[in-house]
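Chemist: Quick one: structure below, then a few questions.
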Amino acid sequence: MKIAVTYENGEVFQHFGHTEAFKIYDAEGGQVQSAEVVPTNGSGHGALSGMLRDLGVEVLICGGIGMGAQMALAEAGIRLFGGVMGDADKAVEAYLSGDLAYDPNARCDHHDHEHGEGHTCGEHGCGSHGCGGHSCH
């Protein structure tokens, strides 16, 4: 199983669409076998889900994420665990042991100004891609 984490300085990076790297973990039998940091090379929202799919990623752990990105991940068959903070390696260990604390409603959307602790979206509508404001579930 391949698990990706939005990554910066050992931590779970808090905005999927702005991440400059993913840490990709190969796990087998509930244990991490190997891990490598893969740069996104400036790819934005839409391209990131395709990049993860092409890498064979099955699970994404991240902080905030827009609805458009959530939909793109779902279309790529990648399971999403958002709203995760802290050490990336520990987050993956927690996921593998079934103890990962995550927020199934984690999102970054300018039309919903309830961002949580200090999170900002930047200057673009990161939650507005492809959804048209409708419920995407």
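No value in this document is a laboratory result; all are computed from the given coordinates. Quick caveat, the model's predicted, so the values are computed rather than measured. Neighbour counts run over all protein chains shown; Cβ positions are idealised from the backbone, glycine included.
Chemist: Work through the residues other than Leu55 whose Cβ is under 14 Å from its Cβ and net out their charges, Lys, Arg +1 and Asp, Glu -1.
Modeler: -1
Chemist: Given 0.36 nm per residue, what is the gain on full extension from Glu20 to Ala101 after removing their alpha carbon distance, in nm?
Modeler: Here the segment from Glu20 to Ala101 would lengthen by 26.8 nm.
Chemist: Using mean Cβ contacts within 10 Å as the protection proxy, how do 84-95, 20-31 order, highest first?
Modeler: 84-95, 20-31
Chemist: Rg/Rh for region 1-89 to two decimals, with Rh computed the Kirkwood way over all alpha-carbon pairs.
Modeler: 0.92
Chemist: Describe numerically, in nm with one decimal, the distance between label points set 7 Å from Cα along Cα→Cβ at Ser43 and at Met85.
Modeler: 2.8 nm
Chemist: Can you list residues from other chains, or at least 5 along the same chain, whose modelled amide H is less than 5 Å from the amide H of Leu80?
Modeler: Placed amide hydrogens put Leu60 under 5 Å from Leu80.
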